Structures are given as C-alpha cells and as structure tokens.
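J.: One structure, as structure tokens, below. Some questions next.
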Amino acid sequence: MKIIIAGAGKAGKALMRQLAAEGHDLTVIDQNSAVLEKLAVQFDAMGVLGNCASKTVLLQAGVQDTDLVIAATNADEVNLLCCLTAHGIHNGIHTIARIRDPEYTEQIMTMRDTFPLSMAVNPEKQAAMEIERLLRFPGFLRRESFANGKSQIVELRVDSQSKLRNVALLDLSSVIKCRVLVCAVLRAGEAVAPSGNFVLQEGDRVFVTAPTADLAELVKNLGISTRRVRKVLLCGGGRISYYLAELLAKDGISVSLLEQKEERCRELAVLLPKTQIVHGDCSSQATLEDQGLEQCDALAAMTGLDETNMIVSLYGAAHGVPQTITKLSREESITIADGLALGSIISPQELVSNVIVRYVRAMQNQTGVAVSVHTIADGKVEAVEFLVDSSTKNCNQALRNIRLKPGVLIVSITHGTKSTIPNGDSKFTEGDTVVVVTGSRGSLQQLNDIFA
C-alpha cells in the first residue's frame, strides 16, 4: 500500500519502522530537512519537505493516489487540517490523525465524519490506559490480552530471588505447577525462541502464555506479590499523568502527582480535584522521601526525559516500592533499559504504532485479518491473534500433522469460553481464536500465512 506519514518525530519514526518492515511504499513529510533526509534513507522512503497541511505539499507527496495518510506532527490542529485537505483532494483516502489535547477528545469522537477521520489516536491516553491496567493487575512487567481476555501473554523478569532462576524449561511445570508456554526469552537484548533444554538465568525477561484463569495460580506458585494498589506516586505532570490520575481516581486509588512547573501544578489542581498535586522536583531524593515513597504501592516515572524516568524508577525500586513503571520515548533508551530493574516499561509510540499497524492490515485484507497485533520482547517478537473462519486451512487437524513456517509458534487456542495451551493433539475449528508468535515482524497478514 502507498502510505503518507506526516511528521518525522518519534511517533513518525516508530510508524515508519513497522510499516517499512511490512513492505509498504512510504512517503514522509516534514519541515526539518536533516531529519527528513535521514529517515528517507533509513527506511527507503520518499521525503517531501514542507507543511503537511498544504495542498501543494500533499500533491507533491502524491496524495491523489495514496491509500492512507497518517498525520503525526506535534500539532493536533495541523494533523486535523492535513487529513481534511487530503480527503478533499482524494475522497476515497483513509486518514488517521494523532490527537493529544484532552480538550479535543469528545469533539473528535462526535465530529469524526465532519473532519473526516478514519481513526484518531492518542498516545498519551493509550499509555495511561495501559499503566492503569498494570496497576490493577500487579505481578507482571507487562500483560497482553487475547481472545476477549481469555488468554494472556505476560512478561516476568528472572531476578536473584526468582524461583525460575537456573530452571530448564523441561522442568518448569514442577516449579509453577500449572500449564503455561514460554514463547520467548529476552537475554542480553537478544530474543530467543527457547527449546525444552533452555535454562533460565538471572536477568532474563521471560514471556509466558497462559489462560487468564491460570494466572492467579502462576503468580501464587512463583511467590510474586499481588497486593492491591492503594497509593500511587506519579512523577511528571504531562498528559499521561493527567489521563492516568483521572482513571485511578475512578478506581478509588490515592494519587500524588509531582510536577516541577508551578503554573502546570495550578492547572492540574483545577483539572484533577481528587489528586494531590505537589510542586517539586521528582529527581530530588528528599522530595521523593517527603512524599512517602517507601509507603507507596507503585511509582510511575513519566517526565519528558527518559534519563530522569530511569533514575527515578531505579531509586524507587531500591527503596522497596513494589511496582515501578517507566515511560521511555526513545528507541535507544529502551535498548539501554534492558539490563536495568525499571519495572514495567511503557512506550506511547509503540502502543499507538501497534494500533495503526492493525488498521493498515485490516485495510489490506478484510478476510482472515489479524484481530489484534502486539509486539513483545522490545519489538523483536510479534504476537498476532486470528479468528479461524471458513477460509482457514487445516481445520480439525491435529497440530502434529500441520507444517508451520519456520519461526512460527501457535501459543494459544480458544474455543468458546475455554482457552488452552496447545499440544500435538490440539485442533482448531471455525470460530476459534488462535494466537501465533513469530520473530518475523509483519510476515503474518492472515492466519493462512502461518502454514508452510
């Protein structure tokens, strides 16, 4: 497909990385010539210098025969005008706009046809929803849901006290006493598809598939703390903290929010009457201790600086905070963070990119298309959910008799209300949900793509 990405910032770059890997014809528009040239070369894309909301620039980018425009500049108004202009030139084009200002949220939903928009995405709101989900279900670094919540892929870190340390996967069931499947392990920045002889080591990040009903037993048998979160400290008063504080207030959780800028504190005090707003520097140890850091159930570091967020999370973990969540925006920060005890890592750009990639795949093929797409193991592995339909091959055949493409693993089959970890005798039938894990990003557009 031919896709125009307007805006070559962090969000635009994350999108280009995923969409280029899937073989799409990309054009990027930006007003920064140096950044534009770098990304165009890196992702083999055409670069157009100029204002993406300009009709002249959009025509130069070839909008008249483009399938999709994704407007991801730093200005919501420019994104909306870009989509509106693109649609005016090419009536059949699909348009996606990144809209971040909370004031526009309701307006966009009720006036989507007026603009017009195929989809509006909000990275900060998406990140806040993900963090709230992690806080409501503590015990895992990350948790991805499939089959309407019946199946999960969860992330665990093997530390010095972990019961998984020095355990071979063949012996895993004797430790955790429930049926799960280790679908990937991230070790020293490299993703591994482990065999039964693979031995887990301290520092490994392990991605485990399990039916949701079995997760409580898994957590209990591993001795992971799952106490209910009652008090949370948010560091940074940006949009993610705003959205998150709203969500946590509805959950009845006590929230303190630390923000360095006095004017922003005053704004937040009006917007968030149920949240304690504190004017202070979250990188100051004294300030964190004054806010009762050691009595907090969770700490979320969400300032605009990745380095500050990492330091704050490390400090919180060192002082016994049970759950730490770290927002990282830059790709290089995520790579550095692999060996650090930062708790759960949230990347707003990655979350939104996954949503948009799923939309792009749906545009390509409405039959057998992925229901959901999640990247795990720092983007090195992809978990894709499919619905088995009448066009799916190999229905009602035992998995042991089906040849899959190299690097493809079926990790979950959900039939009705029951989700199972498959074995050689397992079968899937029409109407079932199948979750597949692969190290080849973008290679699975529909379920039949998994078969050799």
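The values are calculated or read from the model by the stated rules, or taken from the named source; none is laboratory data. The model shown is predicted, which means the values in this text are computed figures rather than measured ones. Glycine also receives a Cβ, built like all others from the backbone with ideal geometry; neighbour counts cover every protein chain displayed.
J.: Taking region 289-308 as the search range and keeping residues that are aliphatic (A, V, I, L, M) and outside any helix (DSSP H, G or I), which one is nearest to residue 136 (Cα to Cα)?
T.: Going through the qualifying residues, I end up with 298.
J.: Name the one entry in 213, 184 that is out of contact with any Asp or Glu (no Cβ under 8 Å at 6 or more places or on another chain), at pLDDT 85 or above and small (Gly, Ala, Ser).
T.: So the residue among 213, 184 that is out of contact with any Asp or Glu (no Cβ under 8 Å at 6 or more places or on another chain), at pLDDT 85 or above and small (Gly, Ala, Ser) is 184.
J.: Name the one entry in 152, 126 that is closer than 20 Å to residue 379 by Cα, at pLDDT 85 or above and either part of a strand (DSSP E or B) or in contact with a Phe, Trp or Tyr (Cβ under 6 Å, 6 or more places away or on another chain) (or both).
T.: When all the criteria are applied, what remains is 152.
J.: Also: Criterion first (touching a residue at least 60 places away in the same chain (Cβ under 8 Å) and hydrophobic (A, V, I, L, M, F, W, C)) does residue 404 satisfy it?
T.: no
J.: If a residue must be at pLDDT 75 or above, assigned to a loop (DSSP other than H, G, I, E, B) and either farther than 29 Å from residue 203 by Cβ or not assigned by TED's automatic domain parsing to the domain that holds residue 435 (or both), how many such residues does region 359-382 contain?
T.: So the count comes out to 1.
J.: Shifting gears a bit: Among the residues of region 76-100, count how many are among the charged types (D, E, K, R) and free of Cβ contacts under 8 Å to residues at least 40 places away in the same chain.
T.: 2
J.: Let me ask something additional. For residue 390, state whether it is outside any helix (DSSP H, G or I) and either surrounded by fewer than 16 Cβ atoms within 10 Å (Cβ to Cβ) or not β-branched (Val, Ile, Thr) (or both).
T.: Criteria met by residue 390.
J.: Having 3 or more residues that are more than 24 Å from residue 374 (Cα to Cα) is the bar; report the strands (runs of 3 or more DSSP E) wholly within region 169-247 that clear it.
T.: Per the criteria, 231-235.
J.: Let me ask something else about it. Suppose we keep only residues that are surrounded by fewer than 20 Cβ atoms within 10 Å (Cβ to Cβ) and touching a helix residue (DSSP H, G or I) at 6+ places or on another chain (Cβ under 9 Å) within region 195-210. Which one would you say is nearest to residue 165 (Cα to Cα)?
T.: 199
J.: Check whether at least one residue in region 60-72 is in a loop (DSSP other than H, G, I, E, B) and not small (Gly, Ala, Ser), and report yes or no. Outline the logic, then answer.
T.: As a first pass, look at region 60-72 and keep what is in a loop (DSSP other than H, G, I, E, B): 61-62, 66-67, 72.
Narrowing the set further to residues that are not small (Gly, Ala, Ser) leaves 66-67.
Within region 60-72, one or more residues are in a loop (DSSP other than H, G, I, E, B) and not small (Gly, Ala, Ser).
J.: Now, a different point. Considering only residues of region 411-452 that are assigned to a strand (DSSP E or B) and surrounded by fewer than 21 Cβ atoms within 10 Å (Cβ to Cβ), which is modelled with the lowest pLDDT?
T.: The initial filter retains those residues of region 411-452 that are assigned to a strand (DSSP E or B), namely 411-415, 418-420, 433-438, 446, 451.
Pick out the ones that are also surrounded by fewer than 21 Cβ atoms within 10 Å (Cβ to Cβ) and you get 415, 418, 420, 446, 451.
Values: 415: 91, 418: 89, 420: 90, 446: 82, 451: 92.
Looking at residues that are assigned to a strand (DSSP E or B) and surrounded by fewer than 21 Cβ atoms within 10 Å (Cβ to Cβ), I get 446.
J.: Which residue out of 145, 160 is in a loop (DSSP other than H, G, I, E, B), closer than 22 Å to residue 184 by Cα and among the small types (Gly, Ala, Ser)?
T.: Within the list 145, 160, the selection yields 160.
J.: Continuing with this model, one more query. For the structure I just gave you, tell me whether residue 258 is buried (at least 18 other Cβ atoms within 10 Å of the Cβ), in a helix (DSSP H, G or I) and touching a strand residue (DSSP E or B) at 6+ places or on another chain (Cβ under 9 Å).
T.: So residue 258 fails the test.
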